[in-house]
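What follows is a short report on a single structure.
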Amino acid sequence: MEPRSAAAVGRDFPYTLATTCYIEVHKDGRVTQGAGTDAYQRALAGESRLFAVWPGQWRSDLFAIDDLDEFARAHGIVHDEERTGLAEHIHDVKWALADREPNPRSQYVSIDLRLVCRCTVNDRRTFASQMREQQGWDMAVTGGWSRQTNANGTTYTFRVRRRSLSS
Ligand SMILES: [Zn+2]
């Protein structure tokens with residue numbers, strides 16, 4: 001039976017689900033497990049083919065990763081403005097320490113942040129890596145974050161390592 005097509009599933013394909021099992025079939029017939037940037041580049045160059053097992057509750061199906069672009073966007077190998085809500089530019093941000101910080105000595109503090117550049121944060125990991133590059137911030141990517149929208153726009157609350165904010 002031919003494997004199914006991940007491209008046909010589109011964005012609903014669970015590219016980044018922890019339980020999705022990737023299989024790489026190399027040109028020489030070797031089979032390896034897992035797929036990252038290297039595997040993407042080999043597949044792009046035609047040196048290998050990528051497959052994935054999408055685990056289901058009752059049965060699991062084998063899919064050909066036949067949309068490498070979507071694979072790369074899902075894994076953040078290629079920046080995806082639409083998926084992340086974030087342009088690839090220096091973000092214009094306004095931020096302030098959140099006044100409800102309960103512990104004045106904690107390593108991480110809460111900040112309220114607005115994106116004046118009109119980007120939206122759909123993907124905190126991408127925003128965190130952009131802010132690390134642009135401002136040297138060490139933003140928490142686990143734990144809670146929030147967004148609130150009112151007439152003035154959207155305000156996000158993030159946790160950032162206090163020392164990285166000093167600039
Ligand atoms: Zn922006």
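Please treat every number below as a calculation from the coordinates, not as lab data. From a predicted model like this one, the values you see are computed outputs, not experimental measurements. Cβ sites come from the backbone with ideal geometry, for glycine too, and all protein chains shown count toward neighbours.
Here are the numbers:
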quantity	calculated
Reciprocal mean inverse distance between Cα atoms of segment 85-165 - Kirkwood radius, Å	12.9 Å
Scattering profile of segment 1-93 at q = 0.11, 0.12, 0.23 Å⁻¹ [log10 I(q)/I(0), Debye over alpha-carbon scatterers]	-0.34, -0.40, -1.21
Exposed trypsin sites (Lys or Arg not before Pro) absent: longest stretch of the chain, with sites in DSSP loops and at most 14 other Cβ within 10 Å deemed exposed	119-167
Per-selection Kirkwood Rh - the chain (Cα, Å, 1 d.p.)	18.4 Å
Rounded tilt (10° steps) of 124-135 against the dominant C-alpha axis of the chain	60 degrees
Coil-residue chymotrypsin sites (Phe, Trp or Tyr not before Pro) of segment 51-145, DSSP, other Cβ within 10 Å capped at 13	W58
Euclidean distance of C-alpha centroids, segment 49-80 and segment 87-138, integer Å	30 Å
H91 long-range amide H proximity, modeled H, under 5 Å	none
For G153, net neighbour charge (Lys/Arg +1, Asp/Glu -1) across residues whose Cβ lies under 15 Å away	+2
Per-pair calculated FRET efficiency, R0 = 45 Å: V25 and Q134 via Cβ, rounded to 0.05	0.70
Most mobile of S146, S129, S110 in a GNM of the chain (Cα contacts under 10 Å)	S146
